[in-house]
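Peer 1: This is the structure I have questions about; it appears just below.
The values are calculated or read from the model by the stated rules, or taken from the named source; none is laboratory data. Because the structure is predicted, anything quoted here is derived from the model rather than measured. All Cβ positions, even for glycine, are placed from backbone atoms using ideal geometry, and neighbour counts span all protein chains on display.
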Amino acid sequence: MKLTTKELTVCALLTAMALGLSYLENLFPLSLAVPVPGVKLGLANIVAVFALYALGAGQAFLILFARCLLGSVFAGNMSAFIFSLFGGVSAMAVMTLLSHLRGLSVYGVSAGGAAAHNCGQIAAAMLTLGSTAPLYYLPVLLGVSLLTGGLTGLVCACLFRGLASTNFMKG
Amino acid sequence: MKPFPELRPAPWDLAVVAAVLTLALFCGVMVWGGAATGLTAIVTADGEEIDRFPLSAPAGERTYSAGGYTLTADVSPDGIQITASDCPTQDCIRTGRISRSGQSIVCLPARFILRLEGKTEINSSGVDAVIG
Ligand SMILES: [Zn+2]
């Protein structure tokens, strides 16, 4: 994949934003409802959805890997990497697929991605702990994913509306 | 090449919502099914079982060491709670009391899991009823 200077700059900027959002979600006490350490809300999916549509799947995956790698370097542990990678890749794979379906809006794609993100995180938890115990919290997390997915869709819809009047999307 | 997204909710979005809810319901029935009678606490450290006892066991404190940390569990007939741990994250303490089948307390730094399980006969009899 060959990136132009502009694309590289946008990717770097989006990676930084995704990291910021990953940090921000530490403020939400998700552990009260889902006491499985490592499982996160997935606000960084906002950046993933945006990158998927604005830059394409290739660069969206690139941003995802950079975010997971840098995020776990900052967190200073390997399990953070597994959690964010499992969640992120599942979400991105499902959203790439859904984005090609006609009749789905950015809301549907985001909701599917959020659900996949949480499934991936539970899978990471089961793998890390060598136990199926985290599966108990999947139904709750799937319910939560509809909310985060809706929020992600809303934020992205606003973003794209704002960008429609610029020539950003035309590359 | 780049598909521009539809920015307003579309009818097919409901299909995604329905799919997620179905999956949630399916998982819910799978893991929450079976009434919680005769709960058993199963404690594992680093993937290996280190303790197993019925919740009806005499109430009191149990101490476990796992991954270089020491955790203290408060056991009573109405649930289990980690009351003390020297792990850095303290997630295990914040989980609070668990009392239903399938619930668990996880301490990631210690690789410690305390899980409550109901009797398995309830699930198998349910399957028999479906087959027969
Ligand atoms: Zn702990």
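Peer 1: Can you tell me which residue within region B:76-87, out of those that are part of a strand (DSSP E or B) and within 13 Å of chain A (Cβ to nearest Cβ), is farthest from the ligand (Cβ to nearest atom)? Give the derivation first.
Peer 2: Of region B:76-87, the ones part of a strand (DSSP E or B) are B:76, B:79-85.
Adding the requirement that they be within 13 Å of chain A (Cβ to nearest Cβ) leaves B:80-82, B:85.
On the way: B:Ile80: 14, B:Gln81: 13, B:Ile82: 7, B:Ser85: 5 Å.
Taking the candidates together, the pick is B:Ile80.
Peer 1: Output the residue which, of all residues in region A:1-25 that are touching a Lys or Arg at 6+ places or on another chain (Cβ under 8 Å) and of a type outside the set (Gly, Ala, Ser), is surrounded by the fewest Cβ atoms within 10 Å (Cβ to Cβ). Can you show your working first?
Peer 2: Taking region A:1-25 as the starting set, the residues that turn out to be touching a Lys or Arg at 6+ places or on another chain (Cβ under 8 Å) are A:15, A:18-19, A:22, A:25.
Filter once more, keeping what is of a type outside the set (Gly, Ala, Ser): A:15, A:19, A:25.
Numbers: A:Thr15: 22, A:Leu19: 18, A:Glu25: 14.
Looking at the filtered set, the residue picked out is A:Glu25.
Peer 1: Also, quick follow-up: Given the structure, is A:Gly162 more than 10 Å from chain B (Cβ to nearest Cβ) and of a type outside the set (Ser, Thr, Tyr)?
Peer 2: yes
Peer 1: Same structure again: Given the condition of a type in the set (A, V, I, L, M, F, W, C), farther than 21 Å from A:Ile122 by Cβ and within 11 Å of chain A (Cβ to nearest Cβ), answer yes or no: does some residue in region B:58-75 qualify? Give the steps one after another, and end with the answer.
Peer 2: Quick first cut of region B:58-75, residues of a type in the set (A, V, I, L, M, F, W, C) only: B:59, B:66, B:71, B:73, B:75.
From the residues that got through so far, the ones that are farther than 21 Å from A:Ile122 by Cβ too are B:59, B:66, B:71, B:73, B:75.
Those left that are additionally within 11 Å of chain A (Cβ to nearest Cβ): none.
No, region B:58-75 contains no residue that is of a type in the set (A, V, I, L, M, F, W, C), farther than 21 Å from A:Ile122 by Cβ and within 11 Å of chain A (Cβ to nearest Cβ).
Peer 1: Which of the residues belonging to region B:88-110 are assigned to a helix (DSSP H, G or I) and either facing chain A (nearest Cβ under 7 Å) or within 6 Å of the ligand (Cβ to nearest atom) (or both)?
Peer 2: Filtering region B:88-110 down to residues assigned to a helix (DSSP H, G or I) leaves B:91-94.
Listed by number, the residues that qualify are B:Asp91, B:Cys92, B:Arg94.
Peer 1: Being free of Cβ contacts under 8 Å to residues at least 40 places away in the same chain and in contact with an Asp or Glu (Cβ under 8 Å, 6 or more places away or on another chain) narrows it down to one residue among B:Gln103, B:Gln81; which is it?
Peer 2: B:Gln81
Peer 1: Would you point out which residue out of A:Gly120, A:Gly58, A:Gly71 is within 18 Å of A:Glu25 (Cα to Cα) and at pLDDT 90 or above?
Peer 2: A:Gly120
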